[in-house]
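Worksheet: one structure, shown below.
The values are calculated or read from the model by the stated rules, or taken from the named source; none is laboratory data. Computed from a predicted structure; not experimentally measured. We place every Cβ from the backbone using ideal geometry, glycine too, and count neighbours over all the protein chains shown.
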Amino acid sequence: MSQNYSVRMANKLSLSDRLSIVDADYGRDFGWHVLSPAGDPVAKLSDPEFTDTFWTSYVVTPIAGQDETLTAAFWSVDCHRIRNIAFPCCLVDTFGHFNIATRRVTLRSAYIRVQFSWFDRIRKPLWFVRRWPY
C-alpha cells in the first residue's frame, strides 16, 4: 500500500475529522498501532515526543505477548506500517530505530498527511487563521 493511498483516504475524511487530525499534531497525539506483515497490530505507540527535525519518539507497548517488538532486531528492517488509533483508515509507512534502555522508538514520517481546499478554508476561516502562524 502506498503513501498516496493513505493520503487519498485521509482526504476523504470529513472536514471536522481532518481538522481534528491537524489539531492532534497530524495524528501523532492519538497514537499508533504497529502492524505485522499480515496487518494485525503487534504493538501500540504512545506518548509522542519531538526529538529532532522530522523525528518523533514513542513508547512501545507490545500487544498480546508480542515481545519481539521490544528488540532492536524488530525495528532494524527498512520499513514498518503503522495505523492511527483514532483513524484506522490512515496507514503510514515509516522507519526508525529502537532504544532498548528507554523502550522508545524514534520514527520519521509518522504522521497523517491531510490537505485542505480553498473551499475548506472559506468554511472554517477562524480555524485556519488560528493555525496560520504555525
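At a glance:
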| read-out | value |
| --- | --- |
| Residue tally, condition surrounded by 14 or more Cβ atoms within 10 Å (Cβ to Cβ) and among the small types (G, A, S), over the stretch 47-78 | 1 |
| Spans of helices (runs of 4 or more DSSP H) in the stretch 1-88 with at least 2 residues under 16 Å from I112 (Cβ atoms), within 16 Å of the chain's Cα centre (by Cα) and in contact (Cβ under 8 Å) with a residue 40 or more places away in the chain | 3-11, 15-23 |
| Residue match in the stretch 66-89 (condition: modelled with pLDDT under 90 and at positive phi) | no |
| Condition met for D67 (out of contact with any Phe, Trp or Tyr (no Cβ under 6 Å at 6 or more places or on another chain) and either within 25 Å of I21 (Cβ to Cβ) or among the hydroxyl-bearing types (S, T, Y) (or both)) | no |
| Positions within the stretch 89-134 being of a type in the set (D, E) and outside any strand (DSSP E or B), in sequence order | D120 |
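This table checks each residue for (1) over 17 Å from F54 (Cβ atoms); (2) surrounded by 10 or more Cβ atoms within 10 Å (Cβ to Cβ).
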{"site": "R81", "(1), (2)": "yes, yes"}
{"site": "N84", "(1), (2)": "yes, yes"}
{"site": "V92", "(1), (2)": "no, yes"}
{"site": "F98", "(1), (2)": "yes, yes"}
{"site": "A101", "(1), (2)": "yes, no"}
{"site": "L107", "(1), (2)": "no, yes"}
{"site": "R113", "(1), (2)": "no, yes"}
{"site": "W118", "(1), (2)": "yes, no"}
